[in-house]
1. How about segment 475-566: which helices (runs of 4 or more DSSP H) wholly inside it have at least 2 residues that are out of contact with any Asp or Glu (no Cβ under 9 Å at 6 or more places or on another chain), without any contact (Cβ under 8 Å) to a residue 40 or more places away in the chain and of a type outside the set (S, T, Y)?
2. From V155, V134, V80, grab the single residue that is modelled with pLDDT of 95 or more and in contact with a strand residue (DSSP E or B) (Cβ under 6 Å, 6 or more places away or on another chain).
3. I'm checking my understanding of the structure. Among residues of segment 171-229 that are among the basic types (K, R) and assigned to a loop (DSSP other than H, G, I, E, B), which one is nearest to P135 (Cα to Cα)?
4. Residues that are over 18 Å from the mean Cα position of the chain (by Cα) and crowded, with 22+ Cβ neighbours inside 10 Å: which helices (runs of 4 or more DSSP H) entirely in segment 12-105 hold 3 or more of them?
5. Out of the strands (runs of 3 or more DSSP E) lying entirely within segment 250-323, which hold 2 or more residues that are buried (at least 19 other Cβ atoms within 10 Å of the Cβ) and polar (S, T, N, Q)?
6. Being surrounded by fewer than 24 Cβ atoms within 10 Å (Cβ to Cβ) and in a strand (DSSP E or B) is the filter here; which residues of segment 461-474 pass it?
7. With the checklist (1) surrounded by 24 or more Cβ atoms within 10 Å (Cβ to Cβ); (2) assigned to a helix (DSSP H, G or I); (3) within 13 Å of ligand 2 (Cβ to nearest atom) in hand, flag the one item A427 doesn't pass.
8. Pairs only if they're at least six apart or on different chains, beta carbon under 7 angstrom, first in segment 136-159 and polar (S, T, N, Q), second assigned to a helix (DSSP H, G or I); list them, first residue then second.
Amino acid sequence: MGAIASEDLINRLADWGVDTVFGLPGDGINGLMEGLRRCSDRVQFLLVQHEEAAAFMACGYAKATGRLGVCLATSGPGAVHLMNGLYDAKLDHVPVLAITGMQETQMLGTGYQQEVATDRLFLDVAEYNQVVMVPAQLPTLVDIAVRHALTRRGVAHLTIPNDVQIAPAGEAPFAAVGPATNISTAPVYLPAPGLPRQEHLQAAADVLNAGNRPVMLVGAGALHARSEVLALAEALGSPVVKTLPGKAVVPDDHPLTTGGIGLLGTRPSEEALEECDTLFMVGTNFPYTKFLPASGQAHVVQVEQDPVRAGNRIATEVPLVGDAKETLAALLPLVGRREDRSFLIGAQASMVKWRERMAALESADSNPIQPQRLMKAVDRAAADDAVLTCDSGTIATWAARDFDIKGSRQFYLSGNLATMAPGLPYAIGMQHGFPGRQVIAFVGDGGFAMLMAELATAARYHLPIKVVICNNAELGQIQWEQMVLGYPEFGVRFQRRNDFAPWAASCGFLAKRVDDVGELDTSIKDALNHDGPALLDVTVNADEPPMPGKVTYEQAKKFAKAFLSGQPRKATIATTLFKDKIRELRA
Ligand SMILES: Cc1ncc(C[n+]2csc(CCOP(=O)(O)OP(=O)(O)O)c2C)c(N)n1
Ligand SMILES: [Mg+2]
């Protein structure tokens, strides 16, 4: 039995260090599946329930491990299903290779069954997008695709017609007509240099040394640079503000941080950015410019890996292009220790007050369970090296504020695409990448329901993930957004609470529904200590608003307008707001 082209592809992936392909078969990729079968001692095929989840798993795996993620789908519908997970990888800048099938070459263009022009479909999402026409293009096109994904930090796509997948490996069926033959490359990649030029480092240091009220804003690009960020913040006397994808850059209880920013952030962070005269952005392309200093207010320095993104959001005096860790280490000797610590001390004092306010909301032992109380209970019980994944929704606010980064905890969500549903597939991809580590998905009932079939995937591969559903029987985030616009909610409640525990139990999970706060802490401990997958479906108070750190007059006015225009359940919402205020005041 001679080798087929698909074996060249899979073997080359293994040469690149790929050990897992997340995917689902179909008649457009039977040849690729045969390649995977023949090479199964080198690369594992992890079978999912939905291709969107396969793309999220590859993306989550890449986010958490820093390695290339790979997903596979069949031609037509399978390829279409990948799309949302791939846009998540594109927008959050993580390397993912997507492989899809195509109809056999002699049928292309005839409108054959399942014929979707996958090369055209992936045009926007992919940094590199190529049809493999003849076996001889492999494995070189794998090398080029992988290098694109790693260098451009995004999606590369190879699509391969059915007949090419099973053609003899290395075959070049057509006569060569030009002088270029024997394409041959090596599976080698060395990252670009991470250090900016010395004169640019000095220019950055000059700006930072001249300021009086510096703030550092750090994002996902600084996740590997914790000690350098802290050393610089210490020297500058600068509060460290974190974007949500950058939550794990520094621990939440560190005296130098004022926590998050944006709608899910803290008041001290918002105030620090309003008052700073120097802004030092590291590894972030933070899009919510409303929270950045006003035009002309601050001198700005940025460290950014991608030259295109350096200086993208605000007029930047010194847009340094480099790796966050290397660049900060090189800057440190050029930055003097600021003697005047008053700006930092002020931010720290506000942070003490903010923590007291939040603690008051987290500790209420009332029913219905407050979502903050649930998140805090998970936070208290989770391991110091736990990985938390989260979905878009009010859950992201509770995770941002009530789950503390400490030790080597990691935190992931869909930052820029802000899509629903990646929490569960991320957890699966990450648990696969980190066997033995505690991986928890903290998800909403809406997002979970979208890809809940993947519980079966986790169980099938004995992945002991823990899933905590914050079940408010509604699309909570949108309900509050509608009200903040001044409109009464519409089309956001599911009417009937979905009951997820029986489905989880049927998949082999330890599963429990929790309605009473008295059962909460023990149920969470039991789930986290369980030697296998576990799920808790927790009923939470749907009337708990994810309030911004600082409520503006305009926001309050619109909120009141929604109440007056017929907001349902306004009495219970008002009671919750009132109770929260009392708790805060008591603190
Ligand atoms: C795929 C997708 N569809 C719709 C949205 C808009 N959206 C953002 S959050 C949200 C509500 C999420 O509901 P749930 O998961 O139950 O979380 P909750 O806000 O209730 O905590 C919606 C509909 C989105 N971000 N992604
Ligand atoms: Mg919900």
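The values are calculated or read from the model by the stated rules, or taken from the named source; none is laboratory data. Treat the numbers as computed from the prediction; the structure is a model and nothing was measured. Cβ: placed from backbone, ideal geometry, glycine included. Neighbour counts: every protein chain shown.
1. Here the list reads 501-506, 520-529, 553-564.
2. V155
3. By that ranking, first place goes to R197.
4. So the answer is 30-38.
5. Result: 257-260.
6. Result: E474, single match.
7. Every condition holds for A427 apart from (3).
8. T159/T118; T159/D119
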